[in-house]
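Derivation of every value follows stated rules applied to the coordinates shown; laboratory data play no part. Small disclaimer: the values here were computed from a predicted structure and weren't measured. Counting neighbours? That spans all protein chains shown, and the Cβs are built from the backbone with ideal geometry, glycine included.
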Amino acid sequence: MTTGTTSFQRDILPLFTQTDIDHMAQQGVTLNDYSYMSDPTHAAGVHQQVSQGLMPPPDSGENRWSSDMVALFQAWIDGGYQP
C-alpha cells in the first residue's frame, strides 16, 4: 500500500539508469546511495542537473528526464528525503 509519500528506494532510485549510476560514481556522485542523496546539497545539485537537461549528458544516448520525473524528484525533496 502506498502512503502517498515519495520514497527514495521505491520512487527515486529507479529514475537512475545503471549507466547514470556508473558514470556519476566516477565523479564521486553516488546516485544509488540514500545517505549521499538525502544530503540537501547533493540532492539540489542532482535536481539542477536533471531539471536543466544536463544529466544524463546529451552525448550519452540516454533519454533526458521528463517533467514528471523532475517533479517526482522535487516531491521527494519537498517531502523531506524519505528513504
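A few comments on the model shown:
- Top positive-direction residue, dipole computed over the chain with Cβ charges, set Pro56, Gly4, Gly45: Gly4
- Axis angle, to the nearest 10 degrees, between helix 40-51 and the longest C-alpha principal axis of the chain: 60 degrees.
- Per-residue Cβ neighbour rank within 10 angstrom, fewest leading, Phe16, Phe8: Phe8, Phe16
- Taking Cβ atoms as reference points and 12 Å as the exclusive limit, the residues near Leu72 contribute a net charge of -2, counting Lys and Arg as +1 and Asp and Glu as -1.
- Whole-Å distance, taken between Cα centres, linking region 14-30 and region 31-73: 10 Å
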